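The structure appears right after this line, and notes come after that.
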Amino acid sequence: AVQPNAEAPVSFPPSFLWGSATAAYQVEGAWNDDGRGPSIWDTFSKTPGKVFSGHTGDVACNHYHRYREDVALMKRLGLKVYRFSVSWSRVMPDGINVNEAGLHFYSDLVDELLEAGIIPWLTQYHWDLPQALEDRGGWANRETAFAFERYAVVLHEALGDRVRHWTTLNEPWCSAFLGYANGHHAPGRTSPEDALAAAHHLLLGHGLAVRALRERDASLELGLTLNFTDYQPADPESAGDLDAARRLDGSFNRFFADAIFRGAYPQDVLKDQAGLWRAHLVQPGDLEIISAPIDVLGVNFYTGELLTGVDPQQAAEAAAAARATGAPNPNVGSEHVSSVRRGLPQTAMGWEVYPQALKDLLIRLHRDYTEAAGVALYVTENGAAYDDDADASGFVQDDERLDYIRRHLRAVHEAMEGGADIRGYFVWSLLDNFEWAFGYDKRFGIVRVDYETQQRTPKASAQWYAEVARTGVVG
Ligand code: GBH
């Protein structure tokens with residue numbers, strides 16, 4: 001349903017950064033070019049039954065060979081910033097030794113962007129751990145956090161003269177819990193204990209990288225991107241539903257934000273996860289490193305959910321029962337929680353479209369975390385998959401995606417009016433790409449990719465977004 005005032009256009013400040021985002025494994029292809037080593041996503045996608053229809057990122061959008069064309073396309077669309085990620089195993093094939101040819105690619109990409117007047121926004125890690133590090137325990141092994149710190153230094157030495165915006169991690173919740181607890185993502189492990197170890201070591205790696213980068217150059221803009229979902233009780237009168245919302249808000253949102261901004265994991269979440277934390281996992285000084293000051297918090301937002309749960313007293317029992325069935329659930333310690341539909345329109349992912357949640361979330365993040373820390377907010381991902389229907393020329397009149405982005409931008413604007421310091425917005429995604437376990441079946445791009453010919457065709461949403469980026473006005 002359209003808001004009553006939806007027709008009055010809103011204006012964003014001229015400094016607002018309009019951008020788009022991608023991630024290395026989802027767009028690059030060139031899986032074994034120029035000395036790239038395998039990542040956990042190469043292994044996972046080539047394991048039968050893990051990814052829709054056996055799709056892999058071997059070719060993807062062939063961005064590795066077509067980056068010049070893609071940068072030119074962004075320039076034509078008037079985008080001011082490009083958020084991309086680096087494939088760790090391209091620049092360090094075994095996670096440790098440097099591959100100069102791999103670094104070259106990113107150096108060339110950065111040069112191409114700067115020449116086009118587009119700000120490069122680098123994400124160090126978007127889920128594709130070198131397989132060699134996974135073979136030594138992956139993120140469940142504390143050593144991986146130190147390897148991540150060395151990786152940050154290698155990137156900084158190659159790109160630090162030209163890249164100002166550094167994001168350490170993209171969505172550590174996904175890496176830890178989809179990767180190690182329910183196995184929906186690479187490396188496909190299903191151990192709640194490993195998932196919690198991974199979550200802690202990811203955050204430790206983030207903190208170590210921030211410290212190392214800061215030491216090298218105090219003027220860099222440093223931060224990380226977290227995925228947030230607005231969780232509300234299905235029935236605000238029900239103790240079980242209130243408990244369910246508290247739990248997932250805790251394990252999904254507050255767990256990461258509290259560690260970063262308050263230097264402590266939330267007590268209630270630790271209680272929910274009691275018995276699943278390995279002894280000595282958190283070592284003295286870890287949370288101090290994790291909470292090293294940052295400049296930017298990236299917010300990835302797709303939906304808000306209503307939750308329902310059983311009575312709090314029965315929760316532990318229900319969680320244990322769920323674990324005993326071997327049915328993996330990423331919500332470690334809160335396996336009994338389930339979501340309830342609001343009855344709103346859904347995207348092709350089955351996610352309900354509820355922009356109000358983005359406004360509420362941004363205001364809350366500003367109030368609870370970022371304002372006091374002097375940290376700027378950026379919406380580093382927002383967008384939608386729909387079943388696109390391309391015409392003979394490849395054009396897609398994607399009115400639903402356009403409307404999704406439009407309504408969420410209006411929500412961002414409302415949050416800014418509510419006081420939140422939001423400096424930019426990156427649509428997910430520039431291109432249709434490899435949507436992880438869903439392969440190429442789900443299309444998030446504002447630009448259509450024909451996977452037969454690699455032809456790029458801006459959709460109606462891209463044309464509309466270009467106008468927004470040019471004028472700063474959202475109708
Ligand atoms: C982002 O992840 C990714 O950063 C990006 O690479 C990806 O292409 C994009 O979104 C679109 O999916 O049902 O248990 O998974 C978002 C991942 C998906 C994580 C929804 C939380 C809900 C819990 N989010 N998920 S579960």
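A few comments on the model shown:
- Put simply, of A176, A147, A132 the only residue that is of a type outside the set (S, T, N, Q), free of Cβ contacts under 8 Å to residues at least 60 places away in the same chain, over 27 Å from F228 (Cβ atoms) and in a helix (DSSP H, G or I) is A147.
- Boolean, D230 is touching a Leu at 6+ places or on another chain (Cβ under 7 Å) and at pLDDT 95 or above: yes
- Figure legend. Inter-residue proximity from the range 55-76: first residues part of a helix (DSSP H, G or I) and modelled with pLDDT under 95, second residues surrounded by fewer than 21 Cβ atoms within 10 Å (Cβ to Cβ) and basic (K, R), beta-carbon distance below 6 Å, spacing 6+ or different chains. No pairs are indicated.
- Residues of the range 165-179 include at least one that is away from the ligand (no atom under 16 Å from the Cβ) and at pLDDT 95 or above.
- In the range 425-441, the residues that are among the acidic types (D, E) and open to solvent by less than 10 Å² (accessible area, probe 1.4 Å) reach residues that are modelled with pLDDT of 95 or more and within 11 Å of the ligand (Cβ to nearest atom) with C-beta atoms within less than 6 angstrom, at least six apart or across chains, in these pairs: D432/R443; D432/G445.
- First in the range 374-386 and near the ligand (Cβ under 9 Å from one of its atoms), second anywhere and of a type in the set (G, A, S), Cβ under 6 Å, 6 or more apart: T380/G298; E381/A21; A385/A348
- Members of the range 212-227 found to be farther than 17 Å from F252 by Cβ, open to solvent by 10 Å² or more (accessible area, probe 1.4 Å) and not acidic (D, E), listed by number: R214, R216, A218, S219
- Segments classed as helices (runs of 4 or more DSSP H), wholly inside the range 228-319, with at least 3 members that are crowded, with 19+ Cβ neighbours inside 10 Å: 239-248, 255-262, 286-290
- So V153, is it away from the ligand (no atom under 14 Å from the Cβ), over 22 Å from F256 (Cα atoms) and either in contact (Cβ under 8 Å) with a residue 60 or more places away in the chain or open to solvent by 20 Å² or more (accessible area, probe 1.4 Å) (or both): yes
- Residue list for the range 359-384, filter: outside any helix (DSSP H, G or I) and in contact with a helix residue (DSSP H, G or I) (Cβ under 8 Å, 6 or more places away or on another chain): V375, A376, L377, V379, N382, G383, A384
- Hits in the range 110-119 (condition: assigned to a helix (DSSP H, G or I) and either in contact with a His (Cβ under 9 Å, 6 or more places away or on another chain) or open to solvent by 40 Å² or more (accessible area, probe 1.4 Å) (or both)): D111, E112, L114, E115
The values are calculated or read from the model by the stated rules, or taken from the named source; none is laboratory data. On a predicted model such as this, the values are computed, not experimentally measured, just so you know. Counting neighbours? That spans all protein chains shown, and the Cβs are built from the backbone with ideal geometry, glycine included. Just the protein is used for accessible areas: all its heavy atoms, side chains included, with ligands, DNA and RNA removed. Shrake-Rupley method; radii C 1.70, N 1.55, O 1.52, S 1.80 Å.
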